[in-house]
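Undergrad: Here you go, one structure.
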Amino acid sequence: MHTMVLFTLAKITPFYYTLKNMIEINLYYPLWKRYLPVFAIQLKKALTEDQEINYTKSDFHSLGNRNKSDYVFSLEIENGKVKNNISGSAVARDLYDVLISDPKIKELLQGKHYKLSLGKAYILKIASIKE
């Protein structure tokens, strides 16, 4: 009996994690899409001065069930491509996907280097990196 239970759990567990990951895909799209016009303005302004967008705890908690620190990320975009590893952050991946899917913003990102970072205080900082 124990062998059968373990075998059954072994078969179900990978399916559970696959299903869980499928549900979490694009979880933060609604938040980022709502701010697309703001991103266009802030990316332009960031070329001369660092910019900030203030969010609230409820902006993120209404979409996901992570701890406060799990929303923290850093995203570097150079010439429209991600420069750092964001594979562990659904929040950052969704932000990048939404930004790059907008033709105006995609054009703004070309030929430039930006760093977008979200801290524990839910403030998204946007900086242009000049090399």
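FYI, it's all coordinate maths here, none of it is from the lab. All of these numbers come straight from a predicted model, not from anything done at the bench. Glycine also receives a Cβ, built like all others from the backbone with ideal geometry; neighbour counts cover every protein chain displayed.
Undergrad: Between LYS57 and LYS106, how high is the FRET efficiency from 1/(1 + (r/R0)^6) when r is the Cβ-Cβ distance and R₀ = 30 Å? Nearest 0.05. Numbers along the way, then the final one.
TA: Numbers: r = 30 Å, r/R0 = 1.00.
Efficiency computed from Cβ-Cβ geometry: 0.50.
Undergrad: In square nanometres and to one decimal, what's the mean projected area of the convex hull around the Cα atoms of the range 26-128? Walk me through the numbers before you get to the answer.
TA: Values: hull surface 22.6 nm².
If I average the Cα hull's projected area over directions, I get 5.7 nm².
Undergrad: Let me ask something else about it. Taking the alpha carbon gyration tensor of the range 80-131, what are the square roots of 5 times its eigenvalues, largest first, to the nearest whole Å?
TA: Details: eigenvalues 64, 40, 24 Å².
Over the Cα atoms of the range 80-131, the ellipsoid semi-axes are 18, 14, 11 Å.
Undergrad: Set the bar at 19 Å for Cα to Cα. Now go through LYS33/LYS57; LYS33/LYS125; LYS81/LYS115; LYS104/LYS130; LYS33/LYS112 and name every pair that lies beyond it.
TA: Details: LYS33/LYS57 17 Å; LYS33/LYS125 17 Å; LYS81/LYS115 12 Å; LYS104/LYS130 21 Å; LYS33/LYS112 22 Å.
Long pairs (Cα-Cα over 19 Å): LYS104/LYS130; LYS33/LYS112.
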